[in-house]
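What follows is one structure encoded as C-alpha cells, with my remarks underneath.
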Amino acid sequence: MNRLTRVFNTLFGWLADLGRSALFLGRIIASLPALLAKPRLVIEQIYSVGVLSLLIVVVAGIFVGMVLALSGYRALADFGAENALGTSVALVVVRELGPVVTGLLFAGRAGSALAAEIGLMKATDQLSGMEMMAVDPVRRIVAPRFLAGVIAMPLLTCIFCVMAIGAGGGYFVGVDMLGVDAGAYWNGIQSSVEFNRDILNVFIKSGVFGAIITWVAVFQGYHAPPTSEGVSRATTNTVVIASLAILAANLMLTAVMFSG
Amino acid sequence: MTDSTATTSTTDNLVEVRDLHFRLGSRVIYQGVDIDIARGRITAIMGPSGTGKTTLLRLISGQWRADSGSVHFDGQSVTGMSQKTLFEQRKRMGMLFQSGALLTDLSVFDNVAFPIREHTKLPERLIRDIVLMKLEAVGLRGARDLAPAQLSGGMARRVALARAIALDPEMIMYDEPFAGQDPISMGVLLRLIRRLNDVLGLTSIVVSHDVKETLGIADYVYVISDGHVIDHGDPEHIRHSDSAWVQQFITASPDGPVPFHYADTPYAEDLLGGDRT
Ligand SMILES: Nc1ncnc2c1ncn2[C@@H]1O[C@H](COP(=O)(O)OP(=O)(O)OP(=O)(O)O)[C@@H](O)[C@H]1O
Ligand SMILES: [Mg+2]
C-alpha cells in the first residue's frame, strides 16, 4: 500500500513537472516575438553556445566519419562494392548519427552550462532583481537562449555532417588511406542524398532537438532550488533528461520521416 | 528634517499593509500585521534575523503574494495586480537586494545602465552621463569597468544602490544597506539615503537590524518579530518603548523575553542529568 502511494506520488510529480514545463514553454514562445526588436540578444547567445560546442562537434564528427568509413569499407569490400562507400557513410551520418550525436554533445556541453547559468542567476537573486527592475527574465534571459539553441543546433549538425563525410573523416579514411576512388566517393553521395528527403529532414530534426535540449535546460535552471545543491542537480538532470528525450524524439521523427 | 505633522489620512501613505498573513511552506511568517509607509519619509523595519523582513519587501513589491490581507501601493492593490500593471508600478520602485543581485556577466557600468537601456530610448551619450552621476553618488565612479566578481560585498551593495536609483524611482526599499560597510562608507551611505529621501522627495523603506544607525536615520520605526508588529513609532518612542522585548532588542542584552536559545529542558536540569539512571 505504502509502496503504491509512493509510486503514485512519483508519477504525479512527473506529470506536474511536465505540465509546468509545458506552461513554461508557452511563456517562452509567447515572448519570442519581442526578440525581433532586439536581435542582438539572440546573436550573442548563438555565438556563445557556438563557441562552447564547436570544437567538440568538429572533433566528434571527424572520429565518427573515420570509424564509419573503416567499418563500412570492410563490409562493402567483401562484395566488391567499395565504390558505394560514399553512399553508405553519407546516409548513416545524414539520416541518423548527425543530429543525434550533435544533440548529445550539445546537451552535455551547452545544455548543462545553460542550466547552471540560469540556476546560478536565480540563486544569486539576479532574476528577482531583474523582475524588480520591471524586466521579465523569461523575455530577457530565457527566450533568447531558447531561440539561440533552436538556431545553433542545425548549424552545428551541418558542421558535424560535413566533418564526418568530408576531408577530415570518411573521405580521409576511405579515399586517402583505403584507396577508394575519389570520384566514386563523391558521386555516391550526390546520387543518394536527396535534398527534400535528407537535407531538409536534418534541419527539421536538429532544430527540434535544439528546442528540446534548451527547453529542458532553461526549465531545470529556472526552477532549480536556489542553492548550490539545487543548481548542480539541475545540470545533471538536464543532461540526463535531454539526452533521453533526444533519443526518443529521434525514434519518432525517423519513423515519420522515412516511413513512406 | 522638517517637522511634518503625522496624520493618519490614507493619502499620506504610499504603501499600506493591512492584516497581512503569509506563510512559506509550513512556516508562518506573518499573522496579521498592519504597516503604513508614509510618503516622503524614511520608515525603518527592524527585527531579528529570520523574522521575515526581506519577505515583507518581496510582498510589498509583489514578488510574492500574501495569503490573506492586503498590500496597497499608491492606492492600488498589489495583491490583485496583473503582471503588466505590476511591472508598470515597479518602475516607480527601486529595491536594493541584501545580496546586491548584480548581473554577473555585465560590468559595473552596464549594470547601472541596464534598467535605463531596458526602459528608455535615450542616446548612449546621455546614458553615460546618467550612469556616471549615479556611480559618483555612491562613490564608485572609478569602479565602472570592474566586473561584479571584482567588487567587495559592500561595494557591490553600493553599485546595486546606484542601479536602484538609475530610473529615479519614487520609492526605494533598502534591504540591510549597512551590512558590510566600513565606517566611512557607512557614513556616506547614511547621508546618501537621507539626501535621496529629502532632496528627491523619495519614500524610503530601510530594513535592518543595525539598531544605532537605523534609529539615527529613520523617521518612523516598526519593530517586528514572530509574525507581529511588536511596537511602532518615531525613534524616540522606540528608544523609550515600554515593551521589554523592544528594550532587549535595542540594548542588545542577552537577558530578557527574547530567547537566545532554542527551546529545551531547563539548563540546570539538563546538567544534573534529569533522566540519567
Ligand atoms: N524561498 C524561501 N523558501 C522557504 N523559506 C524561506 C525562503 N526565503 C526565506 N525563507 C524563510 O523565511 C523566513 C524569513 O526570511 P527573511 O529572508 O524574510 O528573513 P529576514 O528577516 O530578512 O532575515 P535577515 O535579517 O537574516 O535577512 C526565514 O526563516 C527563512 O528561513
Ligand atoms: Mg533579509
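The values are calculated or read from the model by the stated rules, or taken from the named source; none is laboratory data. Since the model is a prediction, treat every value here as computed from it, not as a measurement. Glycine also receives a Cβ, built like all others from the backbone with ideal geometry; neighbour counts cover every protein chain displayed. The protein model used for the area step is the full one, side chains on, heavy atoms only, and it has no ligands, DNA or RNA in it. Shrake-Rupley method; radii C 1.70, N 1.55, O 1.52, S 1.80 Å.
Consider a paramagnetic label point 7 Å from the Cα of B:ASP234 along Cα→Cβ; state which residues of segment B:36-53 have an amide N under 18 Å from it.
B:36-45
Order B:ASP110, B:ASP168, B:ASP129 by their accessible area, 1.4 angstrom probe, all chains in place, largest first.
Result of the area sort, largest leading: B:ASP168, B:ASP129, B:ASP110.
Once the dipole of segment A:1-120 is set up with Lys and Arg at +1 and Asp and Glu at -1 on Cβ about the Cα centre, which of A:GLY98, A:PRO39, A:ALA75 lies farthest towards its positive end?
Of the candidates, A:PRO39 comes out farthest on the positive side.
Quick one: accessible surface of A:ARG6, probe radius 1.4 Å, all protein chains present, in square angstrom to the nearest 10.
The accessible area of A:ARG6 comes to roughly 150 Å².
Ignoring ligands, DNA and RNA, what percent of the 1.4 Å accessible area of segment B:105-168 is carbon and sulfur?
Exposed carbon and sulfur together represent 53 percent of the surface.
Which ³J(HN,Hα) values in Hz, rounded to whole numbers, follow from the phi angles of segment B:52-62 under the Karplus curve 6.51 cos²θ - 1.76 cosθ + 1.60, where θ = phi - 60° and Gly and Pro get x?
Each residue of segment B:52-62 in turn: x, 6, 4, 4, 4, 5, 5, 6, 5, 8, x Hz.
Mind checking the dipole of the protein assembly as shown: about its Cα centre, +1 per Lys or Arg Cβ, -1 per Asp or Glu Cβ, Debye to the nearest 20?
About 1340 debye.
Give the residue list of chymotrypsin sites (Phe, Trp or Tyr not before Pro) in segment A:65-109 that are DSSP loop and have at most 16 other beta-carbon atoms within 10 angstrom. The partial results should precede the final answer.
Values: sites: A:TYR73, A:PHE79, A:PHE106; in loops: A:PHE79.
When the chymotrypsin sites (Phe, Trp or Tyr not before Pro) of segment A:65-109 are filtered for loop state and at most 16 Cβ neighbours within 10 Å, A:PHE79 remain.
Could you sort B:GLU236, B:GLU213 by accessible area so the largest value comes first, with the probe set to 1.4 Å? Write out the running numbers ahead of the final one.
Values: B:GLU236 95, B:GLU213 40 Å².
From most accessible down to least: B:GLU236, B:GLU213.
Residues of segment B:79-94 losing 40 Å² or more of accessible area relative to the isolated chain, 1.4 Å probe, heavy atoms only?
Relative to the lone chain, where solvent access is computed with a 1.4 Å probe, segment B:79-94 loses at least 40 Å² at B:PHE87, B:ARG90.
Mind checking which of B:ILE37, B:ILE130, B:ILE172 has the largest fluctuation in a GNM of chain B, springs on alpha carbons under 10 Å?
B:ILE130
If one takes the accessible area of chain A alone plus chain B alone and subtracts that of the pair, with a 1.4 Å probe, what total in Å², rounded to the nearest 100, results?
Numbers: alone 13400 and 14720 Å², together 26470 Å².
Summing both chains' loss of accessible area gives about 1600 Å².
Largest first, how would B:GLU136, A:GLU229, B:GLU176 line up by accessible area (1.4 Å probe)?
A:GLU229, B:GLU136, B:GLU176
Before anything else, pin down the relative contact order of segment B:26-107: Cα pairs under 8 Å, at least 6 apart, normalised by residue count, whole percent.
Across segment B:26-107, relative contact order equals 16 percent.
Can you show me the helix-derived [θ] at 222 nm for the protein assembly as shown, built from DSSP H runs with n ≥ 4 at -39,500 (n - 2.57) apiece and divided by the number of residues, rounded to the nearest 500.
-17500 deg cm²/dmol
Using each residue's phi in segment A:106-117, evaluate 6.51 cos²θ - 1.76 cosθ + 1.60 at θ = phi - 60° and report the 3J(HN,Hα) Karplus result to the nearest Hz, with x for Gly and Pro.
Ordered by residue, 3J(HN,Hα) equals 5, 5, x, 8, 6, x, 5, 4, 5, 4, 5, 4 Hz.
Hey, what's the protein assembly as shown come to in accessible area per residue, 1.4 Å probe, Å²?
49 Å²
Specify which residue in the list B:THR43, A:PHE63, A:LEU114 is farthest towards the positive end of the charge dipole of the protein assembly as shown, using unit charges on the beta carbon of Lys, Arg (+1) and Asp, Glu (-1), about the Cα centre.
The listed residue farthest towards the positive side: A:PHE63.
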